[in-house]
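Here is the structure we will look at, set down as structure tokens.
The values are calculated or read from the model by the stated rules, or taken from the named source; none is laboratory data. Remember, it's a predicted structure, so these values are computed and weren't measured experimentally. Using ideal geometry, Cβ is built from the backbone for each residue, glycine included, and neighbour counts are taken over all protein chains shown. Ligands, DNA and RNA are stripped out before the accessible areas are found, and what is left, the full protein with its side chains, is counted by its heavy atoms. Shrake-Rupley method; radii C 1.70, N 1.55, O 1.52, S 1.80 Å.
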Amino acid sequence: MKHYSDSNQEKLLVEFLSANGISLSENILEKLFAYVNLVIIGNEKVNLISKNDIPKFLTRHIADSLFPYIVLSKANYLKPGMVWTDMGAGGGCPIYPLAIVCPYIQFYASEPRHKRVLFLEETKNALKLENLTVVGKRFETSNIQNCDIISCRALSRFEADYERALPGLKKDGIFVTFKSREIAQELKDIPNVHLIDYNLPLETQEYSLVIKGIYG
Ligand SMILES: C[S@@+](CC[C@H](N)C(=O)[O-])C[C@H]1O[C@@H](n2cnc3c(N)ncnc32)[C@H](O)[C@@H]1O
């Protein structure tokens, strides 16, 4: 199998995590790098990510995917046995990096496009991610319920995504989504919405994680 690695990207990811108080074991980092490898190889057959993003996949996509983990673990919110669903998993960001770093949480990846579902299934098996279930359906027809956390990245508008997620959330569950800082500012007056600003290595765009619900 071809192996893609970029020591500068790896270093920047580790520095980003460390600046945010997170240190991952060698095993977990190797698993994240193995996931990146599978996405890059898979992208030759199925359109998973923009080709321009391949050289910066670790800093643009993996670091971004892990930002909810940084925020929620700092708030001591993540507990063993919690259920976390990602709507529109696509090529697996953010849910695969999250499932790798949180083996004690049960993850569900909802994705309706057949080729992407096959890629997600193969990747789950290759990485032995026993805490992750791929659901090959749109979230609305997936019958996924009682989640502690529902997330989505690059799916639709905040209001539409929140409405889509709501029937699947526990009463005190939280909804988590990723926005540019500019778009997130428009959401700041919505009740119970929290914006957590962040920057990614090498990116000039500024980002905000948007959380609706009580997590701290
Ligand atoms: C732009 S991609 C984003 C993929 C990934 N989350 C990322 O950030 O790279 C959006 C994905 O959502 C999926 N999707 C669209 N509508 C959906 C729905 N109602 N439920 C679940 N997935 C959906 C699409 O098939 C597509 O793979």
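In the stretch 133-150, is there at least one residue being within 14 Å of the ligand (Cβ to nearest atom), open to solvent by 60 Å² or more (accessible area, probe 1.4 Å) and β-branched (Val, Ile, Thr)?
yes
Tally time: how many residues in the stretch 26-44 are closer than 16 Å to Lys128 by Cβ and exposed (fewer than 11 other Cβ atoms within 10 Å of the Cβ)?
Total meeting the criteria: 1.
Is it the case, given these coordinates, that Thr123 is part of a strand (DSSP E or B) and either within 16 Å of the ligand (Cβ to nearest atom) or touching a Gly at 6+ places or on another chain (Cβ under 7 Å) (or both)?
Criteria not met by Thr123.
Sort out which residues of the stretch 99-131 are open to solvent by less than 50 Å² (accessible area, probe 1.4 Å) and either within 21 Å of Leu166 (Cα to Cα) or not hydrophobic (A, V, I, L, M, F, W, C) (or both), and write them in order of number.
Passing the criteria: Ile105, Phe107, Ala109, Ser110, Glu111, Arg116, Thr123, Lys124, Asn131.
Residue check, Cys93 against (1) closer than 21 Å to Ser142 by Cβ; (2) among the hydrophobic types (A, V, I, L, M, F, W, C); (3) within 15 Å of the ligand (Cβ to nearest atom); (4) surrounded by fewer than 21 Cβ atoms within 10 Å (Cβ to Cβ), all met but one. Which one?
It is condition (4) that Cys93 fails.
Go through the stretch 73-98 and report how many residues are within 23 Å of Leu166 (Cβ to Cβ) and not in a loop (DSSP other than H, G, I, E, B).
7
Residue by residue through the stretch 151-176, note down the ones that are open to solvent by 20 Å² or more (accessible area, probe 1.4 Å) and either within 9 Å of the ligand (Cβ to nearest atom) or under 16 Å from Cys93 (Cα atoms) (or both).
Arg153, Ala154, Leu155, Ser156, Arg164
Residue-wise test of (1) away from the ligand (no atom under 11 Å from the Cβ); (2) under 12 Å from the mean Cα position of the chain (by Cα); (3) at positive phi; (4) of a type outside the set (D, E, K, R).
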residue	(1), (2), (3), (4)
Ala34	yes, no, no, yes
Lys45	yes, no, no, no
Asn52	yes, no, no, yes
Phe57	no, no, no, yes
Lys74	yes, no, no, no
Ile100	yes, yes, no, yes
Arg113	no, no, no, no
Leu127	yes, no, no, yes
Glu130	yes, no, no, no
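What number goes with the only condition from (1) over 21 Å from Cys102 (Cβ atoms); (2) assigned to a loop (DSSP other than H, G, I, E, B) that Ile144 does not pass?
It fails just one condition, (1).
Quick test for you: out of Asn52, Asn47, pick the one residue that is part of a helix (DSSP H, G or I), open to solvent by 30 Å² or more (accessible area, probe 1.4 Å) and farther than 20 Å from Tyr108 by Cβ.
One residue alone meets the criteria, Asn52.
Of these, Ala184, Ala154, Ala126, which one is under 14 Å from Tyr35 (Cβ atoms) and in contact (Cβ under 8 Å) with a residue 24 or more places away in the chain?
Result of the check over Ala184, Ala154, Ala126: Ala126.
Test Ile190 against the criterion of being touching a residue at least 12 places away in the same chain (Cβ under 8 Å) and within 16 Å of the chain's Cα centre (by Cα), and give yes or no.
When the stated conditions are applied, Ile190 does not pass them.
Report whether or not Ser151 is in contact with a helix residue (DSSP H, G or I) (Cβ under 9 Å, 6 or more places away or on another chain) and small (Gly, Ala, Ser).
Judged against the criteria, Ser151 is a match.
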